[in-house]
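Chemist: Have a look at the structure that comes next, please.
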Amino acid sequence: MGNNRTVSKTIGFAVIFITCLTILYLTTIYKLTWILPIVCIWVVIQIGIYLKSIITLDQLFKNAMYALLLSTFLNQSIISINIGPFSIFLYRILLILAIVLYISTALYRKRVIEDFYNSRIPFIWLFFGGWILYGVISVLWSVSIMASFKYMSLLVMGIAFVYLANRTFKTRRQLQYFLAGWLGMTVLLVGIGFVNYCFSIQLPSSGLYGASSYKLSYPTAVFFNQNDFAVYLGISFFFFVAVGKNAKRTMLKGCMLIFSMLVILLIYLTESRAALLALVGGGLVYLFLLIPKRWKRLTLQIICGLVLLGGLFVANRGIVKVQNLIESAEQYELNEVLPSNLARINLLRNTFSYLLDSYGFGIGAGNIPYYLEHKSYFPTGNVYQVHNWFAEIAGNFGLVTLLGYVIMLIYAWLAFYRIYEKVSSRTDKMLLEACMVGMVSFLISSISPSSVMNLYFHWVFLGFILSTLSVYKSRELES
């Protein structure tokens, strides 16, 4: 009797799902785009109702999160439907499903407040909540309300994923699955990257799709451009290294070594200077972690001394070079095309000017592109994204938000390092090394993409970091 009921439910669900697909097809033909959000939400609800009849809400939520994790790396390459200023694709559909399932489960179990405090990092969630609240308030002085709305939707979705990841991956084993999912999808994306380079083929999700022939060989995989891909690869490289270094099996070590070499080659082919610099910076930090504990203080003192001496020797020459670049940038008109380095300098100069104009409070969520297009002080060659993650945060949300973001990352890194000095397990070292060195790589290479807010893997990486921090904080309290 139970089997018959399951079969009937499956058939009923199949009929509903096919009906929904038919409606979606008809709406795209007749351009009834306003119906699409309603149909998509209905499909999500029907899927949830069906699956609830088979597994529990907790199991359903965890399965949805694993599917969401993997879909993040596909970007907009699958099921991308444009609805006016927004687009619906697999990641967003699964994120909505995961949010609905979590809220349903948390309310049913009456554990919303309990989940907040059990994360062991409630002050970080307070910062994220304050970030969202400030972004909403900043709409009051935003010039482009639509730009603020779109930008805030990206921020809310990103923070939602980070929180849901924290409530899903609560053990070292689950963190290993998280890391394995990242690396598994990286293998796929590396393969697509080499297809880009070898056959000059780009996916429709790439900004180089249909571009000039000499641009088609840049590796972009599923990302918009090669710089975005390079930032992702920089993090992934150190993930491969961390797993390979701490793996017990020789076969796994060899595979990690091969893939790490392939990643370096792809980063070189992207021609992203920031990503190459991130490899160097991350590599130096990794070497520091591997130095015996008794030598670390002396090594750190020597490094600080060398940096100070080097700064004194090159400071004057560096200042002169920057001044020369600024003077060169000022020779261009507002609508002229600038060399990349000059355009980036003027983008930063414009953003700093906007920050001063707003007395350090920021010009409003998502409004930097609008200001660069319509209220530019310095020519940017028709480039309207700031191309620097820290400047992007400061320009949109102000100095306080930027300071909070930086403090959060510094706190996480120092907490990881303190724990790293105490652990001896290969698994512990692998997870902590991946987090610490991956953070260094990201922070250096984040000056390369046009915007980091819409890079979904950034939020996945942040989810991995904070989930790992929460797990080890819980272990410290229990021990």
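The values are calculated or read from the model by the stated rules, or taken from the named source; none is laboratory data. What you see is a predicted model, and the numbers here were worked out from it, not measured in a lab. Here the Cβ is made from the backbone with ideal geometry for all residues, glycine too, and neighbour counts use every protein chain on show. When the accessible area is computed, the model is the full protein with side chains, heavy atoms only, and any ligands, DNA or RNA have been set aside. Shrake-Rupley method; radii C 1.70, N 1.55, O 1.52, S 1.80 Å.
Chemist: If r is the Cβ-Cβ distance from Asn341 to Tyr377 and R0 is 25 Å, what FRET efficiency results, to the nearest 0.05?
Modeler: So, using R0 = 25 Å, E works out to roughly 0.85.
Chemist: Between Met251 and Tyr384, with labels modelled 7 Å along Cα→Cβ, what's the label distance in nm to one decimal, could you check?
Modeler: 5.3 nm
Chemist: So between Val187 and Asn118, what do we pick up on full extension, going 0.36 nm a residue minus the alpha carbon distance?
Modeler: Taking 0.36 nm per residue and subtracting the Cα distance, the gain is 21.4 nm.
Chemist: Can you run phi through the Karplus equation (6.51, -1.76, 1.60; θ = phi - 60°) for region 195-210 and list ³J(HN,Hα) in whole Hz, with x for Gly and Pro?
Modeler: For region 195-210, the Karplus-derived couplings read 5, 3, 6, 6, 10, 6, 10, 10, 6, x, 6, 7, x, 8, 4, x Hz, x marking Gly and Pro.
Chemist: What FRET efficiency, computed as 1/(1 + (r/R0)^6) with R0 = 41 Å and r the Cβ-Cβ distance, is obtained for Leu414 and Tyr359, rounded to the nearest 0.05?
Modeler: Approximately 0.85, to the nearest 0.05.
Chemist: How big is region 339-479 by the Kirkwood estimate over distinct Cα pairs, in Å?
Modeler: 16.7 Å
Chemist: Related question: Could you look at region 237-307 and say what percent of its accessible area is carbon and sulfur, using a 1.4 Å probe and all protein chains?
Modeler: About 74 percent, which is the carbon plus sulfur part of the accessible surface.
Chemist: Need the C-alpha centroid separation for region 105-173 versus region 202-240, integer Å.
Modeler: 29 Å
Chemist: Skipping prolines and chain starts, which residues have an amide H placed within reach, meaning under 5 Å, of the one on Ile88, given they are 5 or more residues away or on another chain?
Modeler: Amide H to amide H, under 5 Å and 5 or more residues apart or across chains, Ile88 pairs with Ile81, Asn82, Ile83.
Chemist: Per residue, how much accessible surface does region 398-479 expose to a 1.4 Å probe? Answer in Å², no decimals.
Modeler: On a per-residue basis, region 398-479 sits at 33 Å².
Chemist: Among the listed pairs Lys248/Lys293; Lys245/Lys473; Lys62/Lys296; Lys62/Lys429; Lys170/Lys245, which have their C-alpha atoms separated by more than 31 angstrom in this model?
Modeler: Too far apart for the 31 Å limit: Lys62/Lys296.
Chemist: Which value, in Å³ per residue, describes the convex hull spanned by the Cα atoms of region 179-227?
Modeler: Each residue corresponds to 62 Å³ of Cα convex hull volume.
Chemist: If you don't mind, another one. Going highest first, how would you order 295-303, 115-123 by mean Cβ packing within 10 Å?
Modeler: The peptides rank, most packed first, as 115-123, 295-303.
Chemist: Run the simple label-point estimate for Ser424 and Thr299 please: 7 Å along Cα→C-beta, distance reported in nm.
Modeler: Here the modelled spin labels are 2.0 nm apart.
Chemist: To check my understanding: the extent here is largest minus smallest coordinate of the Cα atoms along each principal axis. What are those three numbers for region 153-194, in Å, largest first?
Modeler: Result, largest extent first: 34, 31, 7 Å.
Chemist: Taking N as the number of residues in region 211-319, what value does Rg over Cα atoms divided by 2.2 N^0.38 Å take?
Modeler: Taking N as the residue count of region 211-319, the ratio is 1.37.
Chemist: Measure off, as a whole percent, the carbon and sulfur share of the 1.4 Å-probe accessible area of region 375-416, all protein chains present.
Modeler: Carbon-and-sulfur percentage of accessible area, whole number: 77.
Chemist: While we're here: Please say if region 115-228 is rounded, prolate or oblate, where rounded means a/c under 1.5 for a ≥ b ≥ c the square roots of the C-alpha gyration tensor eigenvalues, and otherwise the choice is prolate for a/b larger than b/c and oblate otherwise?
Modeler: oblate
Chemist: May I pose another question? In nanometres, what is the gap between the two model label sites at Ile407 and Leu289, each 7 Å from Cα along Cα-to-Cβ?
Modeler: If labels sit at Ile407 and Leu289, their model points lie 2.6 nm apart.
Chemist: Could you work out how much longer the chain between Val136 and Tyr177 gets when fully extended? Use 0.36 nm per residue separation minus the Cα distance between them, nm to one decimal.
Modeler: 11.2 nm
Chemist: Right, something else. Work out how far the C-alpha atoms of region 89-182 reach from end to end along every principal axis, then list the three figures in whole Å, largest first.
Modeler: 47, 30, 25
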